[in-house]
Structures are given as structure tokens and as C-alpha cells.
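Participant: Before we start, here is the structure in question, set down as C-alpha cells.
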Amino acid sequence: MRVQDELRLLPWTGPEGKPCYLSTDDHDGYVARLADHIEAMQLGAATKLREDALEVLEDRDFDDDEDMALLAARLAGALGDVLRVANSRGHRLAKHQSF
């Protein structure tokens, strides 16, 4: 088995929220392609949510604290997804670069 730094962090979690990793050199395998697709969806959702949040905040188009709490929760979730993608891609870039 490889060391954790050489494993690909997948864009989903396992039981109890624990990270999932992929150990393969096949970048075109089914799980790798599925992970790429989910990462793209997560990044797209985060981009759309950011646009929506900026519009809501700019227009002050929220009714109460509950709306703001929901917006904050959705933003925090999207940020978590984006950070997972960045962490995964950063590890893969570092693995392929030698300085």
C-alpha cells in the first residue's frame, strides 16, 4: 500500500464523515472519472452559490436570521467541498512536480 500522500483524496466521505482515498495509477479508471465528475459538479455548485449569495447580500433580499443562517450553512458546505477538491488536486500536483 502507498503512503497517504500518494493516494487521491476523493470528493466524498465514507461512514462517519471519514475521508475516502483512491489508490491507483489509472487516471482514466471508473472511480477516478467519477471523482473528476463530482469535483466538477461541486465546483460548479459552489460558483453558483457564491453568485446567489452575493446577489442576496447586495440586495439585502433576506427575510430574517433563519434565511441568513441557511445561506451561511450552504456556503460553509460548499467551501468544504471546494477545500477538499483543492487539497486533493494540490497533493496530486505536488506528487508530479520535483523541485
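Participant: I'm trying to understand the selection: among the residues of region 32-45, which are surrounded by 14 or more Cβ atoms within 10 Å (Cβ to Cβ) and either in contact with a Leu (Cβ under 7 Å, 6 or more places away or on another chain) or of a type outside the set (Asp, Glu) (or both)?
Facilitator: Across region 32-45, the qualifying residues are 32, 34, 35, 38, 42, 43, 45.
Participant: If you scan region 46-66, which residues turn out to be open to solvent by 60 Å² or more (accessible area, probe 1.4 Å), assigned to a helix (DSSP H, G or I) and not aliphatic (A, V, I, L, M)?
Facilitator: Across region 46-66, the qualifying residues are 47, 48, 50, 51, 55, 58, 59, 65, 66.
Participant: Before we move on, is residue 32 of a type in the set (A, V, I, L, M), modelled with pLDDT of 90 or more, within 15 Å of residue 86 (Cβ to Cβ) and not in a loop (DSSP other than H, G, I, E, B)?
Facilitator: no
Participant: A further question on this structure: Could you check region 8-18 and list, in sequence order, the residues that are free of Cβ contacts under 8 Å to residues at least 24 places away in the same chain and not in a helix (DSSP H, G or I)?
Facilitator: 13, 14, 18 - these are the residues of region 8-18 that are free of Cβ contacts under 8 Å to residues at least 24 places away in the same chain and not in a helix (DSSP H, G or I).
The values are calculated or read from the model by the stated rules, or taken from the named source; none is laboratory data. What you see is a predicted model; the values in this text were computed from it and never measured. So basically every Cβ, Gly included, is an ideal-geometry build from the backbone, and we count neighbours across all protein chains shown. Heads up: the accessible areas ignore ligands, DNA and RNA and are worked out on the full protein's heavy atoms, side chains in. Shrake-Rupley method; radii C 1.70, N 1.55, O 1.52, S 1.80 Å.
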